[in-house]
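Accompanying notes for the structure given below.
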Amino acid sequence: MLTNTWQYISSTFAKGKHKHDNQSKDNTPQQSLQIVQHSSQPYIVLSDRQHREDLSKDPMELDLSEKLVYGDAGYFVRNDSEQWQPLYNLYEDETKYYLVLEASGFQKGQLSLVSKSDCIIIEGTRSDMNKSMVNPTIHKSDIPIGSFRLEIPFKSEIDLGPKALLIERDDGFIRLTIMKKKVEEFRPDI
């Protein structure tokens, strides 16, 4: 859960994709903060505390946003758009990114994918699974339904060519292999 929160914060706030006007609800100016992974401990900290040995000294009180909310099943159930987000794993090697997306309940053609040079955007709508039941009593409901929009940022530019993306479906997962854009070197004779 911490990893998914960190990915959301990194992709949304650190890349400047989140509209933030530095104003609180009562229109008082707010300090902009940058968060980073602590250099030796498993914590997300303010950037000026990244190398601090004792994190308990001189604490800073923060109000956490209600916009980052996870359900008991680990799904991102609320963000700025009030939509849930499916879980995913992202890996990379020298030439490719590998994305594994949890997509159970989606048939082929029910998801849309847009590739940009620095991210992939996946959107879809999971329909209610109790359609065939008449007035069911719900005892537990952890599987999110409805629309989602997932924007996955990349550190390196990706290739947007027609053969640069391989998509495979496997037991409720979608596996994407995404080619990185080749960096060409120019070495003039000197």
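The values are calculated or read from the model by the stated rules, or taken from the named source; none is laboratory data. Model, not experiment: these values are computed from the prediction. All Cβ positions, glycine included, derive from the backbone under ideal geometry; neighbour counts span all protein chains shown. We work out accessible area using only protein heavy atoms, side chains counted, and drop any ligands, DNA or RNA first. Shrake-Rupley method; radii C 1.70, N 1.55, O 1.52, S 1.80 Å.
Couple of notes before you dig in:
- Long-range neighbours under 7 Å by Cβ, at least six apart or interchain, first residue without any contact (Cβ under 8 Å) to a residue 24 or more places away in the chain within segment 111-138, second open to solvent by 50 Å² or more (accessible area, probe 1.4 Å) and in a loop (DSSP other than H, G, I, E, B): 126/105; 126/145; 127/145; 128/145; 130/136
- Every residue from segment 114-133 that is within 16 Å of residue 87 (Cα to Cα) and in contact with a Lys or Arg (Cβ under 8 Å, 6 or more places away or on another chain): 121, 122, 123
- Within segment 123-145, the set of residues being outside any loop (DSSP other than H, G, I, E, B) and in contact with a Pro (Cβ under 8 Å, 6 or more places away or on another chain) comprises just one member, 126.
- Summed over segment 98-120, the residues that are closer than 22 Å to residue 181 by Cβ and over 16 Å from the mean Cα position of the chain (by Cα) give a count of 1.
- Members of segment 126-155 that are among the β-branched types (Val, Ile, Thr), surrounded by 10 or more Cβ atoms within 10 Å (Cβ to Cβ) and modelled with pLDDT under 90: 143, 145
- Among residues of segment 156-168, those that are assigned to a strand (DSSP E or B) and exposed (fewer than 13 other Cβ atoms within 10 Å of the Cβ), counted: 2
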